[in-house]
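Q: For reference, the structure I am asking about is given below.
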Amino acid sequence: MFIVAVTGGIATGKSTVSKVFARQGIPVIDADKIAREIVEPGQPCWRRIREIFGDEVLLPSKEINRAILGKMIFEDKELRGKLNKITHPTIHRKIFWQVCKLLVTGHAWIVLDLPLLFETGILMDFIHKIVCVSCDSDKQLERLIARNELSESEARHRVDSQMPLDKKCEKSHFVIDNNGSLKEAENSAMSIYNLMSDSKQHWVNRISFLGLFLIVGFTIYLLLKLFNRVPESWQM
């Protein structure tokens with residue numbers, strides 16, 4: 001199995017591309033979905049957020065008021081850092097376990113929808129290919145303002161908190177230009193899907209994993225034999 005990451009800027013259309021892969025039967029692990037789940041009332045991250053930011057970031061239902069919390073962290077880099085320290089370790093841990101579960105299902109490849117792939121850098125070593133979804137800055141602001149009902153100033157704060165899109169594009173293997181129609185973006189995603197489905201990388205990974213497993217097993221056997229600890233059932 002190998003991993004394809006879908007990243008990009010806020011409101012550039014990452015979810016649109018991930019849905020194309022999901023419709024083709026490719027498992028998609030959505031970091032944003034995990035981020036929402038771990039801050040549900042009563043969760044450890046929820047308790048830490050309440051402790052650090054106070055009850056003012058809670059709705060009457062005790063759920064996180066994402067609008068208020070978002071306004072706070074995107075206007076204050078220090079507060080954003082505190083929130084990231086609370087949530088990022090848990091998000092990455094849950095992503096890791098979901099990947100491990102999928103590893104034994106026989107899928108040739110999976111998709112990680114990771115908005116902050118480059119900003120955190122934590123999962124880079126596990127990614128085979130990176131797809132960046134991009135669009136013009138004016139269109140990005142327009143979409144973000146409409147989607148989240150933000151002022152232009154608030155939207156700019158959120159865009160500026162992330163790595164510039166041009167740098168993300170430079171670091172990616174594929175770039176999907178999402179300035180056009182939905183159909184155009186979906187066609188671009190399908191082209192990448194076809195390329196990844198034709199790839200033999202999953203066989204390379206499986207053979208490498210098997211080779212590593214055999215080497216580790218043989219090393220353990222030699223060490224046990226050296227110290228006369230080999231069980232009789234292992235003897236030839």
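Q: Rg and Dmax in Å for the chain, alpha carbons only: what are they?
A: Here Rg and the maximum Cα pair distance are 21.8, 74 Å.
Q: Shifting gears a bit: Within the set Lys14/Lys62; Lys14/Lys129; Lys101/Lys168; Lys19/Lys101; Lys14/Lys167; Lys82/Lys167, which residue pairs have Cα atoms separated by over 23 Å?
A: Pairs exceeding 23 Å: Lys14/Lys62; Lys101/Lys168; Lys82/Lys167.
Q: In deg cm²/dmol, rounded to 500, what helix-only [θ] at 222 nm does the chain give when every DSSP H run of at least 4 residues adds -39500 (n - 2.57) and the total is split over its residues?
A: Taking each H run of at least 4 residues, the total per residue is -18500 deg cm²/dmol.
Q: Let me ask something else. Percent of accessible area on the range 2-201 owned by carbon and sulfur, 1.4 Å probe?
A: Using a 1.4 Å probe with all protein chains present, the range 2-201 comes out at 51 percent carbon and sulfur.
Q: Nearest-5 percent of antiparallel DSSP beta bridges in the chain?
A: 5 percent
Q: With only Lys, Arg, Asp and Glu charged, each at its Cβ (+1 for the first two, -1 for the last two), find how big the charge dipole of the chain is about the Cα centre; round to the nearest 20 debye.
A: Value, rounded to 20: 840 debye.
Q: How high is the FRET efficiency between Glu56 and Asn194 when r is their beta carbon distance and R₀ equals 41 Å, given to the nearest 0.05?
A: 0.25
Q: Can you tell me the order of 132-140, 60-68, 1-9, 182-190 when each peptide is scored by its average per-residue count of other Cβ atoms within 10 angstrom, highest first?
A: Result, highest mean Cβ count within 10 Å first: 1-9, 132-140, 182-190, 60-68.
Q: In degrees, nearest 10, range 0 to 90: what is the angle between the Cα axis of helix 77-103 and the longest Cα principal axis of the chain?
A: 40 degrees
Q: Given a cut-off of under 8 Å on Cα pairs at least six residues apart, what relative contact order in percent is computed for the chain?
A: 34 percent.
The values are calculated or read from the model by the stated rules, or taken from the named source; none is laboratory data. For clarity, every value in this text was computed on a predicted model and none was experimentally measured. Note that each Cβ is placed from the backbone with ideal geometry, even for glycine, and that neighbours are counted across all protein chains shown. When the accessible area is computed, the model is the full protein with side chains, heavy atoms only, and any ligands, DNA or RNA have been set aside. Shrake-Rupley method; radii C 1.70, N 1.55, O 1.52, S 1.80 Å.
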